[in-house]
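The numbers here are math on the coordinates, done by the rules we state, and not lab data. Note that the structure is a prediction, hence the values are computed from the model and not measured. Here Cβ is always computed from backbone atoms with ideal geometry, including for glycine, and neighbour counts include all displayed protein chains.
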């Protein structure tokens with residue numbers, strides 16, 4: 001990020017550089033996979049219907065089981081970003097085309113392609129050192145690896161993923177994780 005872009009951000013009232021009293025937070029989650037992935041499928045395995053992620057890395061095709069508790073935490077983040085009121089997830093059913101999330105407030109269906117994109121971005125949040133500063137208007141997210149600054153509000157984000165693809169981005173996920181209670 002150029003010095004002029006940093007100065008603009010500092011003077012715009014976004015608060016990332018201008019508020020020394022509030023330290024930026026880094027989302028504290030473990031990566032699903034310890035490298036960048038392209039998710040191919042989400043399904044379940046075994047009699048307990050344990051969630052399984054099938055993905056591609058630079059090393060090839062792999063899969064990983066995810067605990068039901070971790071899976072529920074991930075989808076609680078998704079629902080919160082989408083503005084779905086809930087206090088807990090009761091059950092997640094994975095079909096050929098969607099995830100059916102049953103909460104204490106009702107049922108939400110998530111298209112499987114959207115779910116795969118969300119999980120890939122969720123994994124990236126754990127891998128990248130994103131710094132989040134919560135502000136009255138939402139959150140400002142700094143990515144020191146890519147030298148980008150994004151403003152996250154309830155209606156979306158200023159990044160390209162949100163602006164051009166209208167999909168949940170890693171900045172929204174990072175901001176939401178910093179607002180969720182820690183386990």
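For the residue pair residue 134 and residue 146, what label-to-label distance in nm results when each label sits 7 Å from Cα along the Cα-to-beta-carbon direction?
Distance between label points: 2.4 nm.
Past the 24 angstrom mark, what percentage of all C-alpha to C-alpha distances in region 32-128 do you count?
That tail contains 18 percent of the Cα-Cα pairs.
Enter the Cα centre distance for the pair region 101-127 and region 134-179, rounded to the nearest angstrom.
Between the Cα centres of region 101-127 and region 134-179 lies a distance of 17 Å.
Tell me, what is the percent relative contact order of region 32-128, built from C-alpha pairs under 8 Å that lie six or more residues apart?
With pairs under 8 Å counted, the relative contact order is 25 percent.
Starting from 0.36 nm per residue, how many nanometres of slack lie between residue 64 and residue 26 once their C-alpha separation is accounted for?
Gain on stretching residue 64 to residue 26: 11.2 nm.
Can you give the calculated 222 nm mean residue ellipticity of the chain, where each DSSP H run of n ≥ 4 adds -39,500 (n - 2.57) and the sum is split over every residue, rounded to the nearest 500 deg cm²/dmol?
Per the formula, -9000 deg cm²/dmol.
Return the FRET efficiency for the residue pair residue 163, residue 107: r is the Cβ-Cβ distance, R0 is 41 Å, and the value is rounded to the nearest 0.05.
It comes out at approximately 0.85.
How long, wide and thick is the chain, going by the Cα atoms along their three principal axes, in whole angstroms, largest first?
That works out to 56, 41, 31 Å along the principal axes.
What ranking do 128, 23 get, fewest neighbouring Cβ atoms within 10 angstrom at the top?
23, 128
Quote the relative contact order of the chain in percent (integer), defining contacts as alpha-carbon pairs under 8 Å separated by 6+ residues.
RCO, the chain: 21 percent.
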